[in-house]
Amino acid sequence: MKKFLLLVFICFQPVQVWGKTYYVSTSGDDSNSGTSEKAPWRSLFKLNRTPFAPGDSIRLKRGDRWVGALAAPIIPATNGAPGRPITWGAYGSGPRPVLTFASYRNRLSDWHDEGNNIWSTGGFQFAGEEMFPNPNSSQNAPGWYHHCTGRAICGPVGRTAAPGQHPSAPAVFKFQVADHGTSSASLQLYTASSVSLRFVQGKYYLLTFRAKCTAPFTIPAVSVKSHRDGADPTGGMMVQALTVGEKWSKCSVILRADRHVAAGGVNLLLGGEGGIPNGATCCIDSLSLREIKDDDFFGMYYCSNLIFGGGSGATTTGVLVQSGRIARQGEWFQSPVDRKIRLYSTANPAQYYGEDVAIVHGAPRSGFWLSNKQYHVFEDIHFFALPSGWNGLDFSHVVIQNCAASYTGGVPGVDPRDYHWSGGSFRVRGGGAVGASGNICDWIVRNNDFRQSYDANITWENGAWHGWGNNKKADGIEVYGNVFGLAHYNLEFGWNGAGSSMSNVHIYHNTLYDAGYEWSAGQRPDEPVQKEDAHIKCWNSPATGKNIRIENNIMDGARSQLLYFSDWRQWSSVLTMQNNIYYGACGTFAFISGVSYPTLGAFQDHFHQDSSSRYTDPLFRSKTRGDFRLADGSPAVSLGAYAGTSRWGGM
């Protein structure tokens, strides 16, 4: 009987399923188990290839910094579950782990004196020999195959040494096409399976070739694959220039490997509607694939920013001059031709800036990119010197807490896959600490410290003009307990698109300071004279909405205005503002629907909002030292009541 009772007791004990904890350190190895502090993984690429389960926790080592070949966007591949989120955080002691896309050029030898106080760094330097066999068709096509299938009809295809066909001796690959077939794969030029191209995780590569065609076209795609499993080792990290004209022109592709591949191949896809035109003849010659020497090569994308003195605390930033006519200390630009950074400096930049120069890559995705995912927690991570810190699209049940972000954004508004960067000219720049769009449900952002963002410290936007489409819903957004400062907009939101809606948004207990004094003040190509910066910026929002609350916040100091609403008619019936404290010099208190309201009183009288709010010194312990705790006697201590209304308890 006792045995029976014991058996019943064991069977009916509640079972809790705990996920695994994985550890990542820059001193680790991706071949480790990753499940103990003594055997951590090393790379962020490893995280993108791992299908984590609900309840799993991924911990980055405190004090570590992922740079160079280790730097990569983290793109979670799986979902958590109710009560079992996937958690991304930290372990150990010391400062938060740092995710960054900065390349450091701190040695005197990193910079080349071009004269007239112009210094350059970067560009193409190669490691090792040519990776392609027979790059100039000097032999009868060993190592290269051609392919004509999928209803494609070709005339003579292959190597030809006919006089006048090639730009340099001795031959070219020639495609004479009657019908280009049904897909890009119908016509191909590719390395043979006997050719083993080796790609190293984190390394950058330059692929070039020359081409001409009797009818101009753009090559549909360049494909890189592993012979073993067919995986694409670039993970989509590729920029390209593949336009082919009637005269010989150079095609170029920069790619980055997100995994080790011992044996891989390259394939030029030339068929289909976008490929070689019917009736045309295309020639290809001088193929080359080289490994770029620098692990932290910053020439793939147009860079976002230059940061000086970040390690010493006396941080300044460069000033991007698109025209290239740099003439003042700290002005810089980047050439789409040789990919070099050129900086005006009266002395070697490494010397002038105390051996502390960081060049911020302009990658389209960095930090974290969360798309179509549920139940994730992000905590105790520092996003530093990134085009953007954290971005999400179409997600639900997500928490971002106890994180830091600094010197984010500034990425030029060019096509991220365009090798030529739109000629190096652009009308906008963007990026910031945290951003979201699409369908958003139950998102909490709490207890973070975000500062020095090009655009917004936090933003959520939607609109068909961004390609995010109509009928999008944002429901259940809570932003509280944060310190946001030194951004063009400390907090920005707007929700457009037919059939879209925004509801149950609660912004409370935040400290917002010094809007408009961000690192990039005066550098916005779309706003050369700063005028739209604000603590809270609300764009037009013809979408339906309800229950949007801004209360119990402190907003201290701004360059132009504290509040900015593009069209108050779209917010008046859905927005409640109360128990906020405003303070600090600014151009005007609020700018709403094109009209300036110079004081809190004028705003209150006209819009009947914020009646319980005050304009008074919040009495921080020391704003100049970044201590935003409230001193004794602060009016913020007793103004209003606790405003927490979390619907789902943060997981």
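Structure values in brief
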item	result
Hits in the stretch 299-308 - residues which are open to solvent by less than 10 Å² (accessible area, probe 1.4 Å) and assigned to a loop (DSSP other than H, G, I, E, B)	G299, M300, Y302, C303, S304
Subset of the stretch 601-625 (residues that are assigned to a loop (DSSP other than H, G, I, E, B) and either open to solvent by 40 Å² or more (accessible area, probe 1.4 Å) or more than 18 Å from E551 (Cα to Cα) (or both))	H608, S611, S612, D617, L619
So A487, is it small (G, A, S), in a strand (DSSP E or B) and out of contact with any Phe, Trp or Tyr (no Cβ under 7 Å at 6 or more places or on another chain)	yes
Residues satisfying the stated conditions in the stretch 421-430, i.e. under 21 Å from L491 (Cα atoms) and part of a loop (DSSP other than H, G, I, E, B)	V428
Residue list for the stretch 261-298, restricted to those being part of a loop (DSSP other than H, G, I, E, B), in contact with a Leu (Cβ under 9 Å, 6 or more places away or on another chain) and buried (at least 21 other Cβ atoms within 10 Å of the Cβ)	L270, G271, G275, I276
Within the stretch 580-600, considering residues that are open to solvent by 30 Å² or more (accessible area, probe 1.4 Å) and not hydroxyl-bearing (S, T, Y), the one nearest to F628 (Cα to Cα)	A585
Boolean, V399 is out of contact with any helix residue (DSSP H, G or I) (no Cβ under 9 Å at 6 or more places or on another chain), buried (at least 24 other Cβ atoms within 10 Å of the Cβ), among the β-branched types (V, I, T) and in a strand (DSSP E or B)	no
Unique residue being part of a loop (DSSP other than H, G, I, E, B), modelled with pLDDT under 95 and under 30 Å from P85 (Cβ atoms) when the list is G644, G633, G640	G644
Number of the condition not met by G309 [criteria: (1) touching a helix residue (DSSP H, G or I) at 6+ places or on another chain (Cβ under 6 Å); (2) at positive phi]	(1)
Tally, over the stretch 33-92, of residues that are at positive phi and over 18 Å from the mean Cα position of the chain (by Cα)	5
Tabulated pairs, the stretch 271-288, first without any contact (Cβ under 8 Å) to a residue 12 or more places away in the chain and among the aliphatic types (A, V, I, L, M), second surrounded by fewer than 21 Cβ atoms within 10 Å (Cβ to Cβ) and not in a loop (DSSP other than H, G, I, E, B), C-beta under 6 angstrom, 6+ apart or interchain	none
Only listed residue being modelled with pLDDT of 90 or more, of a type in the set (V, I, T) and open to solvent by less than 60 Å² (accessible area, probe 1.4 Å), chosen from T191, T182	T191
Test: T234 is under 24 Å from A363 (Cα atoms) and among the β-branched types (V, I, T)	yes
Test: L108 is in contact with a Pro (Cβ under 7 Å, 6 or more places away or on another chain) and modelled with pLDDT of 95 or more	no
Unmet criterion (only one of (1) under 15 Å from W111 (Cβ atoms); (2) among the polar types (S, T, N, Q); (3) open to solvent by 20 Å² or more (accessible area, probe 1.4 Å)) for T316	(1)
Options N482, N447, N457: the member that is buried (at least 21 other Cβ atoms within 10 Å of the Cβ), of a type in the set (S, T, N, Q), at pLDDT 95 or above and more than 30 Å from M238 (Cα to Cα)	N482
Test result for S226, within 33 Å of the chain's Cα centre (by Cα), surrounded by fewer than 21 Cβ atoms within 10 Å (Cβ to Cβ) and under 24 Å from P73 (Cβ atoms)	yes
Selection within the stretch 431-444 - part of a strand (DSSP E or B) and open to solvent by 20 Å² or more (accessible area, probe 1.4 Å)	N439, C441
Residue satisfying condition, being of a type outside the set (S, T, N, Q) and open to solvent by 10 Å² or more (accessible area, probe 1.4 Å), within set A474, A498, A487	A498
Filter result for the condition that a residue is open to solvent by less than 10 Å² (accessible area, probe 1.4 Å) and not hydrophobic (A, V, I, L, M, F, W, C), over P387, P364	P387
Residue in the stretch 507-527 that is farthest from S622 (Cα to Cα), counting only those that are surrounded by 19 or more Cβ atoms within 10 Å (Cβ to Cβ) and charged (D, E, K, R)	R524
Filtered residue count, the stretch 45-68, keeping only those that are in a helix (DSSP H, G or I) and either without any contact (Cβ under 8 Å) to a residue 40 or more places away in the chain or surrounded by fewer than 20 Cβ atoms within 10 Å (Cβ to Cβ) (or both)	4
Of the criteria (1) without any contact (Cβ under 8 Å) to a residue 24 or more places away in the chain; (2) under 25 Å from G150 (Cα atoms), which one G236 fails	(2)
When residues of the stretch 141-179 are limited to those that are among the aliphatic types (A, V, I, L, M) and open to solvent by less than 50 Å² (accessible area, probe 1.4 Å), the one modelled with the highest pLDDT	V177
Subset of the stretch 239-259 (residues that are open to solvent by 50 Å² or more (accessible area, probe 1.4 Å) and among the β-branched types (V, I, T))	T243
G236 being open to solvent by less than 10 Å² (accessible area, probe 1.4 Å) and either closer than 20 Å to R198 by Cβ or assigned to a loop (DSSP other than H, G, I, E, B) (or both)	no
Some residue of the stretch 409-420 being buried (at least 24 other Cβ atoms within 10 Å of the Cβ), outside any strand (DSSP E or B) and among the small types (G, A, S)	yes
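The values are calculated or read from the model by the stated rules, or taken from the named source; none is laboratory data. Because the structure is a prediction, the values reported are computed rather than measured. In this analysis, Cβ positions are derived from the backbone assuming ideal geometry, glycine residues included, and neighbour counts consider all displayed protein chains. Areas reflect the complete protein model, heavy atoms only, side chains present, ligands, DNA and RNA absent. Shrake-Rupley method; radii C 1.70, N 1.55, O 1.52, S 1.80 Å.
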